[in-house]
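Inspection log for the structure reproduced underneath, given as structure tokens.
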Amino acid sequence: MKRGHIWVSPWLIVLLLVFFAIDASVYAPLVVFSAALHEAGHLFALQRLGIRVEQIRFHPFGIEITAPGLFSLPYRGELCVAAAGPIANLLCACCTVALVFLFGDFTGALFLVVCNLALAGLNLMPVDDLDGGRILSALLLQKLDLDRAEVVLESVSNLSLALILAAGLWLLYTTRYNFSLAMIGCYLLARRVLKTSPSAGVFPGGKPC
């Protein structure tokens, strides 16, 4: 579904409808809010850096931001854009704790903190399809040549992805029902297998919740 500069995957709409149908509590909206806040962090950083966004494509596990100015963005700028999403989640967790401390507990407070910390922690994993991989890439390219940086990033990404998959399978085995992390690991693995060279000026999404 396309409206102006925003395109929404039909699969995302289906996923959200199923998600809210299964969970009618306050927790489902808090998950969506945390994910939206993460993406808003990236958009805020792009705006502060003066990067014009041409299109935003919403996918089931993240967004793609098409912005030609990213092609010429210095490594420090790339690092700031990548880090902005997790930072937004960490700030939300800290603000929630502060509100509980000042005014007392409220419904969903603990879940909101845990959800934002989990989202930030997962996205900071050094996998090249996640924010942590982009941060590592920006840091490596400031110290190493392109070929060596790609080798190091590929090795670290493979190891981190293996850890995510192992943790997801362990979580599924111990809980007998929580398959979210395993599904995320399989999604990231599929992206790596089917990966093609990204277009110039595209900041890929893939930020799972």
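Laboratory data are not the source of any read-out in this text; all were calculated from the coordinates shown. Every value quoted in this text rests on a predicted model; they were computed, and no experiment measured them. When we count neighbours, we look across all protein chains shown, and the Cβ atoms used for this are built from the backbone with ideal geometry, even at glycine.
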Which is farthest toward the positive dipole end of the chain among LEU43, PHE179, ILE13, measuring Cα position about the Cα centre, with Cβ charges +1 (Lys, Arg) and -1 (Asp, Glu)? ILE13
How big is the charge dipole of the chain about its Cα centre, in debye rounded to the nearest 20, if each Lys and Arg gets +1 on its Cβ and each Asp and Glu gets -1 on its Cβ? 240 debye
What would the Debye equation give as log₁₀ I(q)/I(0) for region 2-203 at q = 0.14, 0.16 Å⁻¹, counting only Cα atoms as equal point scatterers? -0.94, -1.23
How many angstrom lie between the Cα centre of region 142-195 and the Cα centre of region 25-90? 21 Å
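Cα gyration tensor of region 1-112, axes a ≥ b ≥ c as square roots of the eigenvalues: rounded (a/c below 1.5), prolate (a/b > b/c) or oblate? Intermediate results must be reported in sequence, preceding the final value.
On the way: a/c = 3.25, a/b = 1.28, b/c = 2.53.
Oblate shape, in that a/c is at least 1.5 and b/c is the bigger or equal ratio.
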Might you report the magnitude of the Cβ-based charge dipole of region 85-170 about its Cα centre, with Lys and Arg at +1 and Asp and Glu at -1, to the nearest 20 debye? 220 debye
Calculated from backbone phi, Karplus (6.51, -1.76, 1.60) coupling profile of region 10-17 in Hz, x at Gly/Pro: x, 5, 5, 4, 4, 4, 5, 4
